[in-house]
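Before any comments, here is the structure.
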Amino acid sequence: MEIPVINELSKESKNRTKMVEEIVKLERKLFPKHESLARSFDEELRKRNCGLLYSEVGGKLAGYIMYSWPSSLFASITKLAVKENCRRQGHGETLMKAAIEKCRTRKIQRLMLHVDPSRTAALALYRKLGFEIDKLIECYYSSDRHAYRMYLEFNND
Ligand SMILES: CC(C)(COP(=O)(O)OP(=O)(O)OC[C@H]1O[C@@H](n2cnc3c(N)ncnc32)[C@H](O)[C@@H]1OP(=O)(O)O)[C@@H](O)C(=O)NCCC(=O)NCCS
């Protein structure tokens, strides 16, 4: 199994337009409308405190992770997705670890995320990486879809 290659998408990236198009396509396919950033993806990405990493196989998008740091105290993972035919090959874990490192170097104290409890693969991944459940937030995504708020505490000594 190949080790996933992780890249950062910046404003200067030559392939930015192509990658954003591919990400938006995947976003539309994988997430219901109320959870999808497809319509506002480029706008989100232009925010100064937002980062995006992606992995690729043979020049094609395999997965992506979006994160943001609203303050120096905490950061959030706002999106994580891997193409169906690229799953269980380590992309999700490698993307998460890369985003965690990006946040760690910003001296952030806590990394947070929200996940629908029925997303068992994502939940298992977050637990594997040390995230703990803070609480269940009812109706977070919609009237009948809840979310666990999870966090990872950094020790910045
Ligand atoms: C969650 C997701 C990103 C995982 O990506 P992936 O590339 O398949 O994950 P990896 O191959 O890196 O697996 C890493 C760990 O995740 C967990 N995991 C991944 N897929 C799993 C599955 N189908 N069932 C249970 N655990 C799973 C395991 O702990 C695994 O570690 P292991 O291989 O030692 O068992 C992917 O399933 C996905 O895109 N799901 C749909 C979108 C989604 O739910 N996003 C999260 C929104 S909060």
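Values computed for the structure shown
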{"item": "Within the stretch 15-39, tally of residues that are among the aliphatic types (A, V, I, L, M) and not in a helix (DSSP H, G or I)", "result": "1"}
{"item": "Residue ranges of strands (runs of 3 or more DSSP E) in the stretch 89-157 with at least 1 members under 14 Å from the mean Cα position of the chain (by Cα)", "result": "110-115, 145-153"}
{"item": "All positions within the stretch 19-31 that are free of Cβ contacts under 8 Å to residues at least 40 places away in the same chain and either more than 15 Å from Ser55 (Cβ to Cβ) or in contact with an Asp or Glu (Cβ under 7 Å, 6 or more places away or on another chain) (or both)", "result": "Val20, Glu21, Val24, Lys25, Arg28, Lys29"}
{"item": "Residue match in the stretch 51-58 (condition: within 22 Å of Gln109 (Cα to Cα) and either in contact with an Asp or Glu (Cβ under 6 Å, 6 or more places away or on another chain) or surrounded by fewer than 18 Cβ atoms within 10 Å (Cβ to Cβ) (or both))", "result": "yes"}
{"item": "Condition met for Ser36 (within 16 Å of the ligand (Cβ to nearest atom), touching a His at 6+ places or on another chain (Cβ under 8 Å), under 23 Å from Thr120 (Cα atoms) and of a type in the set (S, T, N, Q))", "result": "no"}
{"item": "Enumeration of residues in the stretch 117-137 that are within 6 Å of the ligand (Cβ to nearest atom), of a type in the set (Gly, Ala, Ser) and closer than 23 Å to Ala38 by Cβ", "result": "Ala121, Ala122"}
{"item": "Residue satisfying all of: in the stretch 64-76; of a type in the set (Gly, Ala, Ser) and outside any strand (DSSP E or B); nearest to the ligand (Cβ to nearest atom) among these", "result": "Ser71"}
{"item": "Criterion: out of contact with any Lys or Arg (no Cβ under 9 Å at 6 or more places or on another chain) and either of a type in the set (S, T, N, Q) or near the ligand (Cβ under 8 Å from one of its atoms) (or both) - qualifying residue of Lys107, Lys79, Lys97", "result": "Lys79"}
{"item": "Criterion (in contact with a helix residue (DSSP H, G or I) (Cβ under 6 Å, 6 or more places away or on another chain) and within 19 Å of Glu153 (Cβ to Cβ)) met by exactly one of Leu125, Leu113, Leu73", "result": "Leu125"}
{"item": "Condition met for His114 (surrounded by 15 or more Cβ atoms within 10 Å (Cβ to Cβ) and more than 12 Å from the ligand (Cβ to nearest atom))", "result": "no"}
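Read-outs: derived from the displayed coordinates by stated rules, not from any lab. No experiment lies behind these values; they were computed from the predicted model shown. Don't worry about glycine lacking a Cβ; one is built from the backbone with ideal geometry, like all the others, and counts go over all protein chains shown.
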